[in-house]
Each structure stands twice: as C-alpha cells, then as structure tokens.
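Values in this text are rule-based calculations from the coordinates and carry no lab data. All values reported here derive from a predicted model rather than from experimental measurement. Positions of Cβ are backbone-derived with ideal geometry, glycine not excepted, and every protein chain shown enters the neighbour counts.
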C-alpha cells in the first residue's frame, strides 16, 4: 500500500466525478409519481395473500383444507400405516446413531490409552510441534501474500 499513490488516485477520482454534468430528472417524473400516489388502493382480492384481512385468510385456509380432505379421502386410510413406517424408519436411524456413538466411544478410549502409554512429555512435545507448524504456516502465508501484492503494484 502506497499512501501517496492512494491520495493521488482519490484526488483524480474526485476531480473526474466533480466534472460530470448534473443529471436531469425526466420531465414527467413528478406527474407520474403523483398519479401513483393518488391511485386508489387495490381491492383485497388483487393484493398479495399476506395483505388480505385476517378473517378472509382464516376462511380461505379452512375452505382449502376442507377441499383437500374431501378430494383425497384415502389420506385418512394411509395414516396408521404411514405412522408405522415412520416409526420403523426412525428406529433404524436411531440404531445407526447408537452404532456411531459406540464407535466414537471405543476410538476415544483407544486414543486415551495411547496417550497414557506415551507419557505427558511426548504428547506435549507433539502438541508444541503442531502449534509451531501452524504459526509458521500463518507467518509464511502472510509474507508470501505481501510479496505477491507488492510485486503486482510495482508493475
């Protein structure tokens, strides 16, 4: 970042923008705006459903649900079988989650045994190496990005 270049660029952009002519509004803008404001509000049925009166929305929902229930009476017959299938599917899913939980528990126990067997000195040394490697990656990445950006500004 070159502060002198940034100031020059800012001054040049400011000068260019100030040299632009003022924009004129279309001649009929005010009359069109006033016509839209003076226009009467649309009737309730022409507005979005969320803008309908609350009573009409409730009546519409009741009538729609009643029409669906009358048009598809077999939904009531599917109900018990549907719930039985959902229960079986959920039981299958629960068994999979329990299996995964048991596997994670076994792996956690194995890692704890390995760490206990190695000793605290080896574990702390490994953690220190990982932290130092992380810090080195962040540092080198920062240096390389700055070098790349500095090279692109010179050209």
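Label-to-label distance, residue 22 versus residue 37, with points set 7 angstrom from Cα along the beta-carbon direction: 2.1 nm.
Using the Cβ-Cβ distance between residue 138 and residue 88 with R0 set to 35 Å, the FRET efficiency from 1/(1 + (r/R0)^6) comes to roughly 0.10.
Calculated from DSSP H runs of 4 or more alone, at -39500 (n - 2.57) each and per residue, what is the 222 nm mean residue ellipticity of the chain, nearest 500?
Numbers: 5 runs with 125 residues, N = 155.
Estimated from H runs of four or more residues: -28500 deg cm²/dmol.
A simple spin-label model places the labels of residue 64 and residue 146 6.0 nm from each other, with each point 7 Å out along Cα-to-Cβ. Spacing of the modelled spin labels on residue 12 and residue 56, each 7 Å from Cα toward Cβ, amounts to 6.0 nm.
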